[in-house]
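Below is one structure, written out as structure tokens, with a few remarks after it.
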Amino acid sequence: MPPQFVARRGAAPWTDRPGKLRIDRWNPQCASLRRRAGNAVPFEAEAARIATLLMLKNATPVYVVNTKSQHKRGRDTQLANIAAAKAVADVVRTTLGPRAMLKLILDAIGGVVITSDGNAILREIDVGHPAAKAMLELSRTQDEEVGDGTTSVIVLAGALLQAAEPCLEAGVHPTVIVGAYMRALQDALSELEQRCAIAVDWNDEAQLQRVLRACLGTKVAAVYRERVAAWSLAAVKLIAESSAPATTAGAGTQRPLDIKNLVRVEKIPGGDLDDSAVIRGVVLNKDIVHPQMRRRIESPRLLLLDCPLEYRKGESQLTVEVTREADWEALLQSEEAVVRQQCERIAALRPDLVITEKGISDLAAYLLMRAGISALRRVRKTDNERLVRATGARIVSRIEEASQQDIGTGAGLFEVRRLGEEYYSFIEQCTAPGACTVLLRGGSKDTLNELERNLHDALCVLRSLYGDRRVVAGGGATEMALSRALLQRSALVEGAAQWPYRQAAEALEVIPRTLAENCGTSVVRLLTRLRAEHAEAGHSNIGVDGTSGELIDMIEAGIVDAYAVKAQALKTAVESACMLLRIDDILSAVRKREGSGTATGAADATEDANPTD
């Protein structure tokens, strides 16, 4: 019910009587009423307006968000996000280039990780700021998409956010900055494709070796980059030859290779690096199930199963009550008959090797040994699928349905070898291997882990080259050329967007600047000379030699990057920077329970804010 309004000469301007609001026309505190009364404004309407304002002023606030949650908004949120992104970028900045420093990280379970790989570093560290967590996802995305450039994308994203800070402080709206950044990204990708990209021949191994050496030159494995490049090239060539030569409609690019599932890296501590090799087949960390089975078979016939070689068990808990000894003997004989029947059906197919994802009972192992068949059990499903690609066999789910068409004959040798303290089964010398194994030997686990990370980057670079067979100049030459091109195009940008557009162009110089810083040269002089070189026509391939700190032609020196890696780094960095700049409000519903130090999530906070009956 609305309040009642009463006007009375000489009375108090308002009173606390319930349901009534008393306003005096002649009181000095009601000056607006007197002015409006002189203008023939109804006294009752003005009184109602003032009453409504007083009610809103004294009303009880309505809380939409839980009062215990942390809440930041406006300019402070954007500046805090920029500071968090800069902190993450500073962590990995010194790991860029051939003179990169290493990071020693103590992981959550007490292990030690020593690496210069950006993704490996950021994967192990723990951050609390939400913007910093978003930055960590950039490195993971870059690693999943192209495998390389995980450090460059973090450094570039931090530089773009830092370049936007003066624009925000000057009052430029974040939407204007985001629009300018996205326009700069489109122009940079256009310049990258038209002026910087150079086609390579997939069949020319010398060109592919140059790309791999440039990729591995910034890793810990730079000393062994010739060997690592040879291993990765041999592995990818094997996979590419067995893949269907299909192309994307209208694009002319090859279908991407499934490096993750078809190339397996097997790390075995001990031995020498020279003992490492690319196996044309599959290596399993398994031994035969019976000691009298054959340990070496030439041209084996393989049968792959994903069903157990034992009596069928109940789906749930099963209880059998036996009152007579004869019944117990009959039960055992029936189980044995099932296993014998399975082994007889397998022996009828005349395989030399049986590999199953499930278990093999002792009786089945004995019967298979008597039949001259070797067996491996409990292999991973991914290994079984790789055996399908390597040997031409087919996985059988029911032994009753197995036939001669399911037998694989593509392997040339099966042999069980002892490496270190464990036994490994080699199915190798395949005629047309659709999967392969890279066997790594080394003195310590830390060395093997870092070697595996570097090998993974090389494999992913080759996968990117197989899909998009173009390269660009490395050593910061491409970033400097794009920066100069964007600065020239900035004259065409009108309005307030021109400043953030130029800031994005100047932020690209962070890559050559970081290379110069990490190799210990004079950064200001080197960048000044680099800008002067790029100002001249035909010098767009001049970059920073990360080892000596000199300016050289990157194409002539063989320091190149895959086009897909560079384009993905630009898109990921700019899009993530735009996403963080558009955040103007941070709501944190994480709180601590009363009387305990454990944190709870947003669901608990929601329940406290909206209690149920």
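Here is how the numbers come out for the structure above:
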| read-out | value |
| --- | --- |
| Theoretical gain in end-to-end length, R324 to T175 [0.36 nm per residue, Cα-Cα removed] | 45.2 nm |
| Mean Cβ neighbour count within 10 Å, used as a protection proxy, ranking 143-152, 537-546, 161-170, 289-298 highest first | 143-152, 537-546, 161-170, 289-298 |
| Projected area, mean over directions - segment 451-582, Cα convex hull, nm² | 10.0 nm² |
| Residues in segment 453-491 reached by a label modelled at A240 [backbone nitrogen below 18 Å; 7 Å Cα→Cβ] | 455-472 |
| Qualifying GluC sites (Glu not before Pro) for segment 504-536 [loop in DSSP, other Cβ within 10 Å: at most 12] | E536 |
| Most to least packed among 184-197, 205-218 [average Cβ atoms within 10 Å] | 205-218, 184-197 |
| Calculated from backbone phi, Karplus (6.51, -1.76, 1.60) coupling profile of segment 411-420 in Hz, x at Gly/Pro | 7, x, 7, 10, 8, 9, 10, 9, 10, x |
| Stretchable slack from L332 to E506, in nm (0.36 nm times residue separation minus alpha-carbon distance) | 54.7 nm |
| In nm, spacing of pseudo-spin labels at E422 and R227 (7 Å Cα→C-beta vector) | 2.1 nm |
| Net charge contributed by nearby residues that have their C-beta within less than 10 Å of S361 (K/R +1, D/E -1) | -3 |
| Residue order, fewest to most surrounding Cβ atoms within 10 angstrom, among E452, E401 | E401, E452 |
| Least to most buried among V416, V88, V461 (fewest other Cβ within 10 Å first) | V416, V88, V461 |
| Order of K103, K133 - criterion: other Cβ atoms within 10 Å of each residue's Cβ, fewest first | K133, K103 |
| Stretchable slack from K267 to R340, in nm (0.36 nm times residue separation minus alpha-carbon distance) | 22.5 nm |
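Values quoted throughout were computed directly from the atomic coordinates according to the rules given, and no laboratory measurement underlies them. Note that the coordinates shown come from a computational prediction; the quantities given were computed from them, not determined experimentally. Glycine also receives a Cβ, built like all others from the backbone with ideal geometry; neighbour counts cover every protein chain displayed.
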